[in-house]
Amino acid sequence: MSAHIGSLLRLDRVDAGYDGTVVLRDVSLDVYDNQFSAVVGPSGAGKTTLLRLLLGTVKPSGGTVRRRDGLRTAYVPQLETVNWDFPLTVFECVLMGRASRSALPWPSREERAEVGRLLERLGIGHLQRRHIRELSGGQQQRMFLARALIRRPHLLVLDEPTSGVDANTRHDILHLLADLHVEGIAIILTTHDLNGMAAHLPHLVCVKGTIIAQGGPSDVITPDVLEQTYGARMEVLRHLDLPLVVDPRVTLATAG
Amino acid sequence: MDAFLDAIVHPLQYAFFQKGLLVATLSGALLGLTGVYITLRGMSYIGHGLSHSIFGGFAASQLISAQFFLWGAGVWGVMSALAIITVTRRHRIGADAAIGVVTTASFALGIALLTHFGATGPSFESALFGSILGISQGQIYMLYAVAALTVTLVFVRYRALLFATFDPDVAAVSGVSVLATDIMLMVVLSLNILSTLNVVGVTLVAAMLVIPPVTARMLTDSFAATLVLATVIGALSGAIGMYLSYSAEVPSGTMIVLIGAVAFTLALATAGRRRRLRAARVPAVAVS
């Protein structure tokens, strides 16, 4: 359903799941123009289902989902889901983002320039002709980011963008996303990394079958919310004004 | 050199060979082109399955009319392909299992009907092993039409087909109609198999859907180049196979597939060397 609403997207008391099994229940969430959020929660909590609701690839079994008219979304998938043996160069991959806009197989001069500009900006302009598997994890993440950005989205949705990358790459991706947010793109991502990723974002949504809590890191990363979400009491310290969770299970878990 | 030229030119004086060469080359190119999408979707077995399903359709449609068998088999094949998509999408069954159930059931039904009521149309043998020299003018026109349709659709839906094949979930979010693209591909595949069945036969059509694409994949890392190479390898396999079939006096279908297999073996050897060379070049890039 699309409509004139104050937010980009609104979930109102939504239930959703697969083949009759409800994964998320009674979820209400607004996504605004200036949103920069992380969805956190344990494996199987419904994080990816929430992203799919936002993207419109999962239909709600109850409640309503309303989108602003003309809303353009783009999605960056988990690297683990990609077929890396597919014959595809970096350039061809990024150009896919324009699949619905042109019927011609080859790129126009303007598209070629735009792909080049985006890849240069993301620091992988020199890898355009390389096969996608020849890139490192961070470079692959940037390639998919370029494919998403070529759609000029209002809302960018990323599934585990820092899964399987080292600390430096995570830092780079976080800064890149912060720059895009400053430029006016709303961003929602999922992460298992509470300390290295989520605590640095302005807004968190804590999920376990429903939304347990949402708000700033200091409001969400608390022992009570974490106990409701992860089922165990965890200690939360403060470091440089950021909450720091003292429990390995929230930083080491990698499954979606 | 003269002997080689003579071997090329001499068979061309026969009209049946000219027709066979044209049909074999076009069929190889067509199956190579479509096969790229099929193999990359992990559906290599569908060529084998659908060719058997269409064979069942041949048999069943003869019950209605000997003249109707081609259209009947076509409709039968398209319905089988759509049934595979439906079963795969609506139920928790993998594509390989859906292909196995739908196509073998279709094949079995056709054979049962044929055995019970008897055949009136083309022979079993020509459908099983191909009968390129016995192909009618109508079947050649059909091959032209299917080739033109396939190339046109691959051209105008190139980006959507690529996106839906590589990453259907993200393609759907990005405005690509994945279901429509999947249905289009299955219909084109059914028509491809139907129109080439008389060239290489039921048992070998699946091989020509798989061998040129996987051979091309080993020679390049680009999707566009894979499409072109698979089409060229398929066409060359058809042409060279037809010549060797003539000189060795063996069925054209088997020779076409054997030439494809030789190309695959050569590519395998070359790809190993390319990979080693690339591995020596890549590490400097693979740094975040």
Residues that are touching a residue at least 12 places away in the same chain (Cβ under 8 Å), touching a Pro at 6+ places or on another chain (Cβ under 7 Å), part of a helix (DSSP H, G or I) and not hydroxyl-bearing (Ser, Thr, Tyr): does segment A:206-213 have at least one? no
Residues (among the hydroxyl-bearing types (Ser, Thr, Tyr) and assigned to a helix (DSSP H, G or I)) located in segment B:221-241: B:226, B:231, B:237
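Looking at segment A:21-41, can you tell me whether even one residue there is assigned to a loop (DSSP other than H, G, I, E, B), of a type in the set (A, V, I, L, M, F, W, C) and surrounded by 17 or more Cβ atoms within 10 Å (Cβ to Cβ)?
Residues of segment A:21-41 assigned to a loop (DSSP other than H, G, I, E, B): A:32-35, A:41.
Keeping just the survivors that are of a type in the set (A, V, I, L, M, F, W, C) gives none.
Checked segment A:21-41: no residue is assigned to a loop (DSSP other than H, G, I, E, B), of a type in the set (A, V, I, L, M, F, W, C) and surrounded by 17 or more Cβ atoms within 10 Å (Cβ to Cβ).
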Assigned to a helix (DSSP H, G or I), more than 10 Å from every other protein chain (Cβ to nearest Cβ) and hydrophobic (A, V, I, L, M, F, W, C) - does that describe any residue in segment A:149-160? yes
Looking only at segment A:171-186, filter to residues that are crowded, with 21+ Cβ neighbours inside 10 Å and without any contact (Cβ under 8 Å) to a residue 40 or more places away in the chain; which one of those is nearest to the other protein chains (Cβ to nearest Cβ)? A:173
Kindly indicate whether residue A:65 is within 22 Å of residue B:165 (Cα to Cα) and either β-branched (Val, Ile, Thr) or facing another protein chain (nearest Cβ under 9 Å) (or both). no
Among residues belonging to segment A:127-136 that are in a helix (DSSP H, G or I) and at the interface with chain B (Cβ under 7 Å from one of its Cβ atoms), point out the one that is nearest to residue A:150 (Cα to Cα). A:127
Every residue from segment A:74-126 that is within 24 Å of the chain's Cα centre (by Cα), within 10 Å of chain B (Cβ to nearest Cβ), surrounded by 18 or more Cβ atoms within 10 Å (Cβ to Cβ) and not in a helix (DSSP H, G or I): A:74, A:75, A:76, A:77, A:82, A:86, A:88, A:89, A:99, A:124
So is residue A:79 within 26 Å of residue A:193 (Cβ to Cβ) and not small (Gly, Ala, Ser) or not? yes
Residue check, residue A:189 within 12 Å of another protein chain (Cβ to nearest Cβ), surrounded by 21 or more Cβ atoms within 10 Å (Cβ to Cβ) and touching a residue at least 24 places away in the same chain (Cβ under 8 Å): no
Which numbered condition trips up residue A:172, out of (1) closer than 30 Å to residue A:12 by Cβ; (2) modelled with pLDDT of 85 or more; (3) under 17 Å from the mean Cα position of the chain (by Cα)? (1)
With at pLDDT 90 or above, buried (at least 24 other Cβ atoms within 10 Å of the Cβ) and not aromatic (Phe, Trp, Tyr) as the only criterion, which of B:220, B:226, B:265 stands out? B:226
Filter result for residue A:219 (over 17 Å from the mean Cα position of the chain (by Cα), surrounded by fewer than 20 Cβ atoms within 10 Å (Cβ to Cβ), free of Cβ contacts under 8 Å to residues at least 60 places away in the same chain and farther than 15 Å from residue A:37 by Cα): no
Helices (runs of 4 or more DSSP H) (entirely within segment B:131-220) containing at least 3 residues that are within 11 Å of chain A (Cβ to nearest Cβ): B:137-156, B:158-166, B:168-173, B:202-219
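Rundown of residues vs (1) in contact with a Leu (Cβ under 7 Å, 6 or more places away or on another chain); (2) over 27 Å from residue A:188 (Cβ atoms), yes/no style:
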site	(1), (2)
A:60	yes, no
A:82	no, no
A:93	no, no
A:96	yes, no
A:104	no, yes
A:113	no, yes
A:118	yes, no
A:137	yes, no
Within segment B:207-215, can one find any residue that is over 16 Å from residue B:30 (Cβ atoms) and surrounded by fewer than 23 Cβ atoms within 10 Å (Cβ to Cβ)? yes
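The values are calculated or read from the model by the stated rules, or taken from the named source; none is laboratory data. No experiment lies behind these values; they were computed from the predicted model shown. Methodologically, a virtual Cβ is constructed for each residue, glycine included, from the backbone with ideal geometry; neighbour enumeration extends over all protein chains shown.
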